[in-house]
Amino acid sequence: MSFRFHFDADKAIQAIGVLMTYDHVSQMNFMRVLKLLYLAEREVLRETGRPIVGDSVVATERGPVMENVHSLLHGQHAEFKKFSQHFNTVRYNLVMHLQPDVGELSEYEIEMIQRVASQHEDDDEWDLVQFTREQLPEWKKNDPGKSSRLISVEDILVAVGKTDAEVKEIIADEQRRCRAATLREIARESRQVPA
């Protein structure tokens with residue numbers, strides 16, 4: 001089984017807010033949200049080896065799609081209640097009614113999201129679909145035809161220029177980080193249990 005990063009719904013919600021704020025819009029097409037957020041995630045992985053939101057990526061007929069973000073947009077994720085405090089949907093558009101804070105995002109992550117949005121400010125959602133299908137090796141390698149399939153973290157890291165040794169190191173580091181976060185969560189929950 002392929003390694004998956006740990007998805008951070010709070011950071012995803014904040015990152016979507018940054019995208020919409022940067023574009024000076026209160027409404028954005030789902031596909032544009034999905035593509036820009038993936039491109040920002042990809043660039044951060046290229047530069048740092050760490051994700052912004054840590055989502056699983058699926059190759060679809062329309063290019064790569066962040067699985068959990070997609071579920072949030074469609075109201076099918078466990079964190080949808082939190083998501084809906086800031087966003088609602090109108091057909092295939094996301095509407096921001098309350099801007100989320102950005103406290104979980106680093107300055108660097110915010111700047112990268114804004115940089116990617118700026119690079120693609122003249123692209124509509126279909127331009128972004130075409131770009132991700134034509135330019136991203138991880139999608140080409142996993143082209144699902146009319147179906148869908150998971151794009152492994154390993155394929156994404158190799159596509160952004162990481163060596164096999166770097167890929168192994170990044171995954172091992174992320175696994176340690178996830179174990180430490182799990183232990184912190186268990187410790188916090190055990191302190192909340194009444195004696």
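Among the chymotrypsin sites (Phe, Trp or Tyr not before Pro) in the stretch 51-100, which ones are in a DSSP loop with at most 16 other Cβ atoms within 10 Å of the Cβ? Mind listing them?
Numbers: sites: Phe80, Phe83, Phe87, Tyr92; in loops: Tyr92.
Hits after loop and neighbour filter: Tyr92.
Under the Kirkwood approximation for Rh and a Cα-based Rg, what ratio Rg/Rh is obtained for the chain?
On the way: Rg = 16.9 Å, Rh = 17.4 Å.
Ratio value, two decimals: 0.97.
Excluding the sites themselves, what is the longest stretch of the chain that contains no trypsin sites (Lys or Arg not before Pro) in a DSSP loop with at most 12 other C-beta atoms within 10 Å? Intermediate results must be reported in sequence, preceding the final value.
Details: sites that count: Arg91, Lys146.
It runs 1-90.
If we count every other residue with Cβ under 12 angstrom of Gly17's Cβ, Lys/Arg +1 and Asp/Glu -1, where does the sum land? Each step should come with its number before you reach the end.
Details: positive: Lys11; negative: Asp10, Asp23, Asp101, Glu104.
Neighbourhood net charge equals -3.
Along the stretch 135-152, what does the Karplus equation 6.51 cos²θ - 1.76 cosθ + 1.60 (θ = phi - 60°) give for ³J(HN,Hα), rounded to whole Hz, x for Gly and Pro?
Using θ = phi - 60°, the values come out as 10, 9, x, 5, 6, 4, 5, 10, 3, x, x, 9, 10, 8, 7, 5, 9, 5 Hz.
Return, for the Cα atoms of the stretch 127-185, the radius of gyration and Dmax in Å, separated by a comma.
Just the Cα atoms of the stretch 127-185 yield Rg and Dmax of 14.9, 43 Å.
Tell me which residues come under 5 Å, amide H to amide H, from Leu94 once H is placed; ignore anything under 5 positions away on its chain.
Met28, Asn29, Phe30
Where in the chain is the longest stretch that carries no GluC sites (Glu not before Pro) classed as loop by DSSP and with at most 13 other Cβ atoms within 10 Å?
On the way: sites that count: Glu61, Glu121.
In the chain, the maximal stretch lacking such sites is 122-195.
Please list 3J(HN,Hα) in residue order for the stretch 41-53, calculated via the Karplus relation 6.51 cos²θ - 1.76 cosθ + 1.60 where θ = phi - 60°; whole Hz, with x for glycine and proline.
Per-residue couplings from phi come out as 4, 4, 5, 5, 4, 4, 7, 10, x, 10, x, 7, 10 Hz.
Hey, how many Å between the Cα centroid of the stretch 32-77 and the Cα centroid of the stretch 110-163?
Using only Cα atoms, the two centres lie 9 Å from each other.
Excluding same-chain pairs closer than 8 in sequence, count the lysine pairs in the stretch 9-161 whose Cα atoms lie under 17 Å apart.
Working: Lys11/Lys35; Lys11/Lys81; Lys11/Lys82; Lys35/Lys140.
Lysine pair count for the stretch 9-161: 4.
Stretched out fully, how many nm does the piece from Ser148 to Ser106 gain, at 0.36 nm a residue minus the Cα gap? Let's see the in-between values first.
Details: separation 42, 0.36 × 42 = 15.12 nm, distance 3.19 nm.
Additional length available on full extension: 11.9 nm.
I need the calculated FRET efficiency for the pair Gln114 and Lys140, taking r as the beta carbon distance and R₀ as 22 Å, to the nearest 0.05.
On the way: r = 27 Å, r/R0 = 1.25.
Calculated value: 0.20.
Below 13 angstrom from the Cβ of Arg149, what's the summed charge of the other residues (Lys, Arg +1; Asp, Glu -1)?
On the way: positive: Lys140, Lys141, Lys146; negative: Glu61, Glu67, Glu138, Asp143, Asp155.
Within the 13 Å Cβ shell, the charges total -2.
Would you mind getting me the FRET efficiency between Leu98 and Phe3? Use the beta-carbon distance for r and R0 = 30 Å, nearest 0.05. Please report the intermediate quantities before stating the final value.
Values: r = 35 Å, r/R0 = 1.15.
Between Leu98 and Phe3 the formula returns 0.30.
Read the figures in this text as sums done on the coordinates, not as results from a lab. The structure displayed is predicted, hence computed values, not measured ones. For neighbour counting, all protein chains shown are included, and Cβ atoms are generated from backbone atoms with ideal geometry for every residue, glycine included.
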